[in-house]
Amino acid sequence: MSQQSLSSPSNEVSSERYKRIFQKFASVEKNGEKFMTKDDFVNAIAPGEDYTKLQKAQYGILFSVADQSKSGILSMSDFTVFENLLTRPDADYEIAFRLFDTAGSGKITREQFKQILSANIGKDAIPFDFECEWLKLYTGGKTAAHEMPYKEFTQLLKGLQAERLRQAFKYYDTQTSGYITPDEFKKIMIDIAGHKLSDHVLENLPTLSNVYAGNKISFANVMAFYNVIREMDMVERVVRSAVTTSKDGTITKADFLLTAAKETRFSLFTPMEADIIFHFAGLENASGKLTLRDFFRLLESKWEHAVPVAAAQPEIKHGAMHDFLKGSYGFLLGSISGAVGATVVYPIDLVKTRMQNQRSKVVGELLYKNSIDCFKKVIKNEGALGLYRGLGPQLVGVAPEKAIKLTMNDLVRRNLTDKNGNITFTAELIAGGVAGGSQVVFTNPLEIVKIRLQVAGEAAKSLDAPRPGAVAIVRNLGIIGLYKGASACLLRDIPFSAIYFPVYAHLKKDVFKEGPDHRLAISELLIAGAVAGMPAAYFTTPADVIKTRLQVEAKKGQSSYNGIRDAARKIYAEEGFRAFFKGGPARIFRSSPQFGTTLMVYEVLQRAFPFDGASDSANKALAQATAPAEDLSYLQSKNALKILLDVHYKFGIVPSNVSIPGVARA
């Protein structure tokens with residue numbers, strides 16, 4: 001059976017990987033054979049490490065385990081044996097045992113334990129009482145010493161941290177009051193678990209005193225915090241489960257405790273431990289409703305699972321038909337969403353157009369006092385359906401407009417985003433501007449037809465003439481006429497999209513905290529889309545007024561315009577500066593709810609009818625990339641140090657004048 005396992009395909013692949021890594025980093029050659037120095041070894045097992053949390057000397061501890069012959073260099077065989085050791089599920093305990101078992105007897109004495117521990121925690125650390133009753137339970141007393149085999153030693157290591165915590169608290173609590181100061185608590189936790197906690201938590205450790213009344217920290221607080229660290233994997237499991245069942249991706253303390261009770265057979269977290277979890281996770285979110293991202297602030301992000309995620313599925317290459325269907329899927333959803341949004345706000349758009357086309361200096365032309373008066377008169381003179389005159393061409397234009405605008409914005413943003421996923425504000429403006437300019441090819445002809453249909457009702461009423469239809473307007477304009485006012489359309493749509501898309505993106509990211517662990521609620525999408533539309537709509541109103549005047553056929557006695565500059569000059573001369581913002585409020589009231597509604601409907605449709613049958617739960621799951629083969633050794637090596645770092649966060653950083661039996665020095 002052992003022979004079969006040695007020749008298994010997975011072992012052959014691993015052996016090739018070990019050989020490739022060894023050949024890459026080994027720098028010493030003797031008699032045609034390559035060897036690794038200690039520095040070569042550290043570089044091989046920790047490529048790219050910045051040595052901020054773990055120092056190079058701490059990785060060097062592992063060299064002492066790999067160098068079984070104590071020659072100071074490693075052969076290919078030594079390196080392969082070490083890498084194979086790292087694949088064991090108890091590798092961290094096995095490595096710790098080999099370091100403490102300096103005699104290589106397979107058992108550890110009380111003196112060996114004392115010597116190694118004393119040398120590695122340093123003289124500046126909180127002293128450990130080696131005469132404590134706890135240690136005697138494992139090693140016996142002076143008269144009846146007991147040597148610990150491997151499995152007994154692992155149990156001692158598991159309980160060592162709690163004993164050190166108890167002794168450290170007693171060391172600082174000189175008055176036996178049951179309390180220590182926040183700074184003393186911070187010193188203890190850095191010694192005990194500094195390697196496990198994120199910088200965010202380490203900096204804020206003293207704030208634990210704010211959770212309860214008083215400015216001191218009790219032993220119960222310290223033990224509760226320690227228990228949270230010990231059970232951090234379970235904390236993550238409970239949080240993920242609770243977030244998955246949450247409607248908005250956030251959970252409260254009550255949600256956490258309820259899920260913990262369901263997930264575990266026995267009560268796992270006390271109310272105090274839950275308080276501590278939510279205190280540190282919610283330091284930047286005082287709402288009491290936390291996301292998965294908030295909880296990620298608790299742990300040092302460099303600690304990862306050393307076991308690779310299930311092998312990534314091979315990329316499935318779809319044919320042209322699949323790509324066509326996927327494109328049609330997005331086009332269809334965008335069309336439906338845009339149509340709904342346009343229909344909802346179309347009456348406001350009609351009122352806006354008529355207000356902008358009203359010439360206040362022409363006698364008899366002042367039909368409407370304001371937007372509300374216009375709304376009332378349209379219903380009175382043309383009926384409720386009059387509010388939707390020109391809707392047909394508008395709906396036809398929604399499909400290409402939304403498809404082009406959204407696609408171009410995403411395309412340009414993607415190309416201007418760096419490898420870390422960051423994009424500058426200038427690049428966001430460019431992406432939005434390109435998106436706005438691209439849509440004019442389709443929207444200008446439809447806009448001019450829509451506008452002429454919108455004003456046809458009032459003209460027909462005053463002249464007692466039949467209302468022209470869309471086909472008649474197109475025939476009258478011709479191809480070139482359909483692009484009348486295109487420059488003004490560009491002048492409006494480019495800045496509109498340049499303002500809208502960046503504001504929308506930042507509202508989602510910075511205000512509503514959108515991320516892989518927090519999917520925005522329908523209300524949040526609606527608000528983000530609506531608010532982003534307000535400044536975009538209002539600041540581009542002057543361009544919209546000029547565009548409308550250029551695209552509407554001038555009546556007898558009205559000024560005609562020859563381009564953007566001529567229109568702007570005549571509007572200012574005849575009607576004043578305020579004329580450029582005619583219909584501005586109506587434009588805001590139209591654009592804001594239209595964009596908010598469009599995006600809300602689009603999101604609902606995507607969730608209700610996912611492409612390729614992707615489940616909604618898949619959208620909630622955080623993406624987990626499979627660790628590349630070369631990175632796996634790094635993770636395994638780093639995680640192999642966890643137990644030793646639990647002993648002391650500076651374990652392995654031994655002063656140069658301290659000699660440790662059986663441990664090679666650089």
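Each reported figure results from applying straightforward, stated rules to the coordinates on display, with no laboratory input. Every value quoted in this text rests on a predicted model; they were computed, and no experiment measured them. Cβ coordinates were reconstructed from backbone atoms using ideal geometry, including for glycine residues, and neighbour counts include every protein chain displayed.
Summary table
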| read-out | value |
| --- | --- |
| Ranking of His146, His200, His195 by count of other Cβ atoms within 10 Å, fewest first | His146, His200, His195 |
| Förster radius 25 Å - calculated FRET efficiency between Arg230 and Leu137, Cβ distance, rounded to 0.05 | 0.80 |
| Residue-wise HN-Hα coupling along the stretch 60-76, computed from phi with Karplus coefficients 6.51, -1.76, 1.60 (Hz; x: Gly, Pro) | x, 4, 5, 5, 5, 6, 6, 7, 5, 7, 6, 8, x, 9, 10, 8, 4 |
| Calculated log₁₀ intensity ratio I(q)/I(0) where the Debye formula runs over C-alpha points of the stretch 197-296, q = 0.11, 0.17, 0.18 Å⁻¹ | -0.31, -0.74, -0.84 |
| Hull shadow area, averaged, the stretch 32-82 [alpha-carbon convex hull, nm²] | 3.6 |
| Spin-label model distance (nm) - Ser177 vs Phe539, 7 Å beyond Cα toward Cβ | 5.7 |
| Net lengthening on full extension, Val344/Lys289 (0.36 nm per residue, minus Cα-Cα) | 16.5 nm |
| Ranked list, fewest to most other Cβ atoms within 10 Å of each Cβ, for Thr181, Thr143 | Thr143, Thr181 |
| Karplus 3J(HN,Hα) series, Hz, for the stretch 34-42 with 6.51 cos²θ - 1.76 cosθ + 1.60 (x for Gly, Pro) | 8, 9, 9, 7, 5, 5, 4, 4, 5 |
| Over 19 Å (Cα to Cα) - which of Lys34/Lys642; Lys114/Lys136; Lys289/Lys508; Lys53/Lys289; Lys114/Lys187; Lys352/Lys376 fall in this group | Lys34/Lys642; Lys53/Lys289; Lys114/Lys187 |
| Simple label model, 7 Å out from Cα along Cβ direction - Thr424 to Val28, nm | 5.0 |
| Chain lengthening between Lys151 and Ala57 when straightened (0.36 nm per residue, less Cα-Cα) | 31.1 nm |
| Proximal charge balance of Tyr172 [Cβ under 10 Å; K/R count +1, D/E count -1] | -1 |
| Other-chain or far-sequence residues with amide H under 5 Å of Leu197's (modelled H) | Glu300 |
| Taking the stretch 197-296 and dividing mean pair separation by its residue count, relative contact order in percent (alpha carbons under 8 Å, at least six apart) | 31 |
